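**Q** One structure, as structure tokens, below. Some questions next.
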Amino acid sequence: MRQRISQKSGNSKQDVAPVREEFTGRNLSRFGASGLIRRFFKRRKIQEMLNDNVEVESRRKSKYSVGTLLISCL
């Protein structure tokens, strides 16, 4: 469907209605695309690269690696 829009001079101010986006559905979760991002990081081996290239001085012993912590922040 084509609609003609009149072109007015730039001096006139028109009221623009706010746009409201809403995503509803049974298969949506509050985590959004976090699964896609996690798979992307895993395929690109981002966590391994962070573990190999990032060092933290005077870090206490932890069961989580530096790469794991940084990935969770991302």
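The values are calculated or read from the model by the stated rules, or taken from the named source; none is laboratory data. The model shown is predicted, which means the values in this text are computed figures rather than measured ones. For neighbour counting, all protein chains shown are included, and Cβ atoms are generated from backbone atoms with ideal geometry for every residue, glycine included.
**Q** Need pairs with beta-carbon distance below 7 Å; first residue under 11 Å from Ile71 (Cα atoms) and within the range 23-49, second modelled with pLDDT of 75 or more and among the hydroxyl-bearing types (Ser, Thr, Tyr); sequence gap 6+ or separate chains.
**A** Taking only residues 6 or more apart or on different chains, the pairs are Gln47/Thr68.
**Q** If you scan the range 44-74, which residues turn out to be of a type in the set (A, V, I, L, M, F, W, C) and modelled with pLDDT of 85 or more?
**A** Residues of the range 44-74 of a type in the set (A, V, I, L, M, F, W, C): 46, 49-50, 54, 56, 66, 69-71, 73-74.
Correct list: Ile46, Met49, Leu50, Val54, Val56, Val66, Leu69, Leu70, Ile71, Cys73.
**Q** Of everything in the range 51-73, what is surrounded by 10 or more Cβ atoms within 10 Å (Cβ to Cβ) and within 19 Å of the chain's Cα centre (by Cα)? Give them in sequence order.
**A** The answer is Gly67, Thr68, Leu69, Leu70, Ile71.
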